[in-house]
Amino acid sequence: MSNRKVWMPTKARKIKISDFEKQYISSQCQHLAEILKKQFIKENPDKRFNYLIDVYTKWYHNYLYFCEKFKSEHPNRILDEFEMKFVRLEYKGNDKFDFSYFRHTGQWFLVSTDLTLKECIEMIQDNPNFQPVS
């Protein structure tokens, strides 16, 4: 048997988010989603193109996604409706989040780490790059 030592990377410890924290975070972010709906959903959209019909939040494990739903009525459409995620908040514990947005390249881009929920919401409100496509 060999005494050779091999370096093994350690896995990052997953933070377990409580149901109470999840509900609180969801309510704060859903309030912002309602504001974005009023701002970006058009009353009479041009139906020749895909148009925005909903903005909402969705959890997947420790990630909270801001999503936009589009509708298509073009005769050659592939789907009637489809979803796009545009912002991802990764819960890190103790009101800390990693903030990422979905780039045109199809990849998530990490913008900042260890932000509070309030700072994340302000970033979405203040920067058009982190808002729904209109």
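Readers should treat all values here as calculations from the given coordinates under stated rules, not as data from a laboratory. Every value quoted in this text rests on a predicted model; they were computed, and no experiment measured them. In this analysis, Cβ positions are derived from the backbone assuming ideal geometry, glycine residues included, and neighbour counts consider all displayed protein chains.
Using 29 Å as the Cα-Cα cut-off, could you pick out the over-long pairs in Lys14/Lys71; Lys5/Lys96; Lys5/Lys92; Lys42/Lys92; Lys38/Lys85; Lys14/Lys118? Over 29 Å apart, Cα to Cα: Lys14/Lys71; Lys5/Lys96; Lys5/Lys92; Lys42/Lys92.
Between helix 19-40 and the chain, what is the angle of the helix's C-alpha long axis to the longest principal axis, kept within 0 to 90° and rounded to the nearest 10? Compared with the principal axis, the helix lies near 30 degrees. Over the chain, the hull volume per residue, using the convex hull of the C-alpha atoms, is 175 Å³. Which one of Ile35, Tyr65, Ile15 has its Cα pushed farthest toward the positive end of the charge dipole of region 5-134, where Lys and Arg give +1 and Asp and Glu give -1 at the Cβ? Comparing the listed Cα positions along the dipole, Ile15 ranks first.
The longest stretch of the chain left intact once loop-based GluC sites (Glu not before Pro) with at most 16 other Cβ atoms within 10 Å are removed from consideration, loops following DSSP, is 74-134.
For the chain, the relative contact order is 18 percent, taking Cα pairs closer than 8 Å that sit 6 or more residues apart in sequence and dividing their mean separation by the residue count. Secondary-structure-derived ellipticity at 222 nm for the chain, considering helices only, amounts to -8000 deg cm²/dmol, per-run term -39500 (n - 2.57) for DSSP H runs with n ≥ 4. Taking the longest Cα principal axis of the chain as reference, the axis of helix 117-126 is set at about 40 degrees.
At what distance in angstrom do the alpha carbon centres of region 89-134 and region 63-81 lie from each other? Their Cα centres are 22 Å away from one another. Proximity of backbone amide H atoms, modeled 1.01 Å from N, is registered between Asp54 and Lys69 at under 5 Å, excluding neighbours fewer than 5 places apart on the same chain.
Among Tyr51, Tyr65, sorting on how many other beta-carbon atoms sit within 10 Å of each Cβ, with the fewest leading, yields Tyr51, Tyr65.
Charge dipole (Cα centre; +1 on Lys/Arg Cβ, -1 on Asp/Glu Cβ; no other charges) of the chain amounts to roughly 740 debye. The string of couplings for region 65-79 from the Karplus curve (6.51, -1.76, 1.60, θ = phi - 60°) is 9, 8, 10, 10, 10, 10, 10, 10, 10, 5, x, 9, 5, 8, 10 Hz, one whole number per residue in order, with x for Gly and Pro.
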